Amino acid sequence: MATFKLLESDNAVLKVKLEDCNSELNRQELKDNLVETMKHYEGIGLSANQCGILERAFVMYNHVETKQIIAVFNPKIISEGIEKVLIDEGCLSYPGLWVKVNRSETIEVEYEDEKGEKIQRELYGLQSRIFQHEYDHMEGSNFTEKVSKLKLDMALKKQKKMNELTEKLKKKTEENLAKNKEYQQLIS
């Protein structure tokens, strides 16, 4: 199995609406590599195009609690429920960025699994949200396009502050480790 490198959020590949999967695609291999990559980056869903692979496919946790993962090929959203829910959402392509996104609580979907079998089912709650988020990637869209410019700008400002704070903490930790190492050498 391989761990793919994630594309930067401004990569043009992420803006491409994807066609159905290539008939020669090794679905099991793609699933395994996407799962490995998703786990490596500690995500709950990952689309192939986030890794530079132009296939209409993604993996996601079907049940986060039990860590059950499904592979989704050639997804379609057949219908969306009326009730919408506003929840913070992030993305592996936008590390550290969180925005409140309004999405349908329930959806009816159709997709193929890694064996090519068609599946039609209803998804609720977090499953529904993850599917919709990854589906957006298939459509050449992403969660930042689901919020106002003002909300996105505020979230980007917060992300920048958090990144700066993280860098300061990282630098301070490295300094402290170096001092500790010097001290250990002095007392030995």
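So here's what we get for this one:
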| read-out | value |
| --- | --- |
| Residues satisfying the stated conditions in segment 96-123, i.e. of a type outside the set (V, I, T), buried (at least 18 other Cβ atoms within 10 Å of the Cβ) and closer than 20 Å to K149 by Cα | L97, R103 |
| Search result, residues across segment 78-95 that are crowded, with 20+ Cβ neighbours inside 10 Å, out of contact with any Gly (no Cβ under 9 Å at 6 or more places or on another chain) and either without any contact (Cβ under 8 Å) to a residue 24 or more places away in the chain or not small (G, A, S) (or both) | E89 |
| Among residues of segment 27-71, those that are in contact with a helix residue (DSSP H, G or I) (Cβ under 7 Å, 6 or more places away or on another chain) and closer than 17 Å to H133 by Cβ, counted | 20 |
| Exclusive hit being of a type in the set (S, T, N, Q), more than 15 Å from D136 (Cβ to Cβ), in a loop (DSSP other than H, G, I, E, B) and assigned by TED's automatic domain parsing to the domain that holds Q120, set T66, T37 | T66 |
| Leading residue by the ranking (farthest from the chain's Cα centre (by Cα)) among those in segment 39-77 that are under 13 Å from F4 (Cβ atoms), of a type outside the set (A, V, I, L, M) and surrounded by fewer than 19 Cβ atoms within 10 Å (Cβ to Cβ) | G52 |
| The lone exception for Q50 - which of (1) part of a loop (DSSP other than H, G, I, E, B); (2) in contact with a His (Cβ under 7 Å, 6 or more places away or on another chain) it fails | (1) |
| Looking only at segment 127-151, and only at residues there that are assigned to a helix (DSSP H, G or I) and modelled with pLDDT under 95, the one that is surrounded by the most Cβ atoms within 10 Å (Cβ to Cβ) | F143 |
| Test for E167: is it surrounded by 12 or more Cβ atoms within 10 Å (Cβ to Cβ), among the acidic types (D, E) and not in a strand (DSSP E or B) | no |
| Flag for A2 being outside the structural domain of Y94 (by TED's automatic domain parsing) and either more than 11 Å from the chain's Cα centre (by Cα) or part of a strand (DSSP E or B) (or both) | yes |
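The values are calculated or read from the model by the stated rules, or taken from the named source; none is laboratory data. The structure displayed is predicted, hence computed values, not measured ones. Cβ sites come from the backbone with ideal geometry, for glycine too, and all protein chains shown count toward neighbours.
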